[in-house]
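Report on one structure; see the data block that follows.
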Amino acid sequence: MPFDLWLTFVVASTALLVIPGPTLMMVLSYAMTQGRRVAIASALGVATGDLIAMTLSVIGLGALFLTSALAFTVLKWVGAVYLVYLGIRMLLSARTPSATSRMSKPGGQSAERVFRDLTTVTALNPKSNTFFVAFVPQFIDPTTSFAPQAAILIATFVGIAGVNALIFALAANAMRSRITRPTVQMWLTRAGGTTLVGMGLLTATLRRAT
């Protein structure tokens, strides 16, 4: 594909990815309370989720969500319920400063579980699936083969998403070392949980594009 078209895609994707969303809020919450290993796992989860969502969208699943009200509604509610579940779980884990302090220890939350949570939330986001269908075709050159261009765009977007999430995660983890008081960590965790619940409720209000 033309280099200038790819470079435009890089700029547009970067601008879109730095806008905070459910996945970045989860990355920040986990990184600030769980440590570097979990922070890295959360970034990998975002990249994996984007890889799944974008690949399925590009091969046609996203088009189905645009044309099928049932498919969009099912994915929307699955994503919304999962976000609310994660938010409530985070809120329950921060009921007291001592509980949050125990949670923030290295063994409190496994990197594998965080990776799974971030992958699931990112992949099940209906807004991402429909967005990819509307966004990606603008950067496809119709005069050349589709498959190689799609592969390049998917690899590029997933790479940018992973690096972006990793930067946010490491920055939040660096701040974590300065936030040692259990009360502060408790309120940060509560804020993250509340945000996730709000994001889940917002996801439930999404309407299918017409």
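The values are calculated or read from the model by the stated rules, or taken from the named source; none is laboratory data. This structure is a prediction, so every number in the text was calculated from the model and none was measured. Using ideal geometry, Cβ is built from the backbone for each residue, glycine included, and neighbour counts are taken over all protein chains shown. Just so you know, the surface numbers come from the protein's heavy atoms only, side chains and all, with ligands and any DNA or RNA stripped out. Shrake-Rupley method; radii C 1.70, N 1.55, O 1.52, S 1.80 Å.
Miscellaneous remarks
- The set of residues in segment 1-46 that are more than 25 Å from Ile140 (Cβ to Cβ), aliphatic (A, V, I, L, M) and open to solvent by less than 60 Å² (accessible area, probe 1.4 Å) comprises Leu24, Met25, Met26, Val27, Leu28, Ala31, Met32, Val38, Ala39, Ala41, Ala43.
- Verdict on Thr33 being within 16 Å of Gly159 (Cα to Cα) and not charged (D, E, K, R): no
- In segment 79-103, the residues that are open to solvent by 40 Å² or more (accessible area, probe 1.4 Å), at pLDDT 75 or above and under 25 Å from Met54 (Cβ atoms): Val81, Tyr85
- Within the span defined as segment 193-202, one or more residues are modelled with pLDDT of 80 or more and open to solvent by 60 Å² or more (accessible area, probe 1.4 Å).
- Scanning segment 6-38 for residues that are assigned to a helix (DSSP H, G or I) and within 13 Å of the chain's Cα centre (by Cα) yields Leu16, Leu17, Pro22, Thr23, Leu24, Met25, Met26, Val27, Leu28, Ser29, Tyr30.
Residue-wise test of (1) closer than 15 Å to Ser29 by Cα; (2) modelled with pLDDT of 75 or more; (3) touching a Cys at 6+ places or on another chain (Cβ under 7 Å).
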{"site": "Ala63", "(1), (2), (3)": "no, no, no"}
{"site": "Thr67", "(1), (2), (3)": "no, no, no"}
{"site": "Ser110", "(1), (2), (3)": "yes, yes, no"}
{"site": "Thr122", "(1), (2), (3)": "no, yes, no"}
{"site": "Pro148", "(1), (2), (3)": "no, yes, no"}
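- The lone exception for Phe132 - which of (1) more than 24 Å from Leu28 (Cβ to Cβ); (2) at pLDDT 75 or above; (3) in a helix (DSSP H, G or I) it fails: (1)
- Selection status of Pro106, modelled with pLDDT under 70 and in contact with a Leu (Cβ under 6 Å, 6 or more places away or on another chain): no
- Pairing residues of segment 118-129 that are in a loop (DSSP other than H, G, I, E, B) with residues that are at pLDDT below 85 and open to solvent by 40 Å² or more (accessible area, probe 1.4 Å), at Cβ distances under 7 Å and at least 6 apart in sequence or on separate chains, gives Leu124/Val78; Leu124/Tyr82.
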